[in-house]
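Novice: Have a look at this one before I ask anything.
The values are calculated or read from the model by the stated rules, or taken from the named source; none is laboratory data. Note that the coordinates shown come from a computational prediction; the quantities given were computed from them, not determined experimentally. Using ideal geometry, Cβ is built from the backbone for each residue, glycine included, and neighbour counts are taken over all protein chains shown.
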């Protein structure tokens, strides 16, 4: 009962979204913040503030929190804000041409099933001269082809 009361008080505190955003940025608190977000309901303006941290956790977060961050994004995937925020942050992740980041992006895009974002990703992979990037595309090629890409 005390935990429920504490969660309720936290949810209605001033600066709640700011505190959650800070927790998302802290690798030690990230999992707790993601579970809290997964288990609650948010207005669009609140979700808009939280999405950059959730997306970052899903792509570059602690390996133990990546599945949790993906589940949060999947929960809210029908909200246009998720696709919008992911699209706007995608180019930053893809510029790095880092194998680990490309693997996480590919997994996330396949899970969320945003066709146009997958198309951008596949195009970037096919155009790359970086062997690591090409390797990521090759690894997921069958899944991308099955999706019509």
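Novice: Could you check segment 140-149 and list, in sequence order, the residues that are in contact (Cβ under 8 Å) with a residue 24 or more places away in the chain and either under 14 Å from the mean Cα position of the chain (by Cα) or loosely packed, with under 13 Cβ neighbours inside 10 Å (or both)? Break it down into steps so the answer makes sense when it comes.
Specialist: Taking segment 140-149 first, the residues in contact (Cβ under 8 Å) with a residue 24 or more places away in the chain are 140, 143-144, 147-149.
Hit for segment 140-149 is 148, nothing else.
Novice: May I pose another question? Does segment 62-77 contain any residue that is out of contact with any helix residue (DSSP H, G or I) (no Cβ under 8 Å at 6 or more places or on another chain) and assigned by TED's automatic domain parsing to the domain that holds residue 24?
Specialist: yes
Novice: Condition first: surrounded by 14 or more Cβ atoms within 10 Å (Cβ to Cβ) and at pLDDT below 95. Can you find one or more residues in segment 44-55 that meet it?
Specialist: Looking for residues that are surrounded by 14 or more Cβ atoms within 10 Å (Cβ to Cβ) and at pLDDT below 95, one finds at least one in segment 44-55, hence yes.
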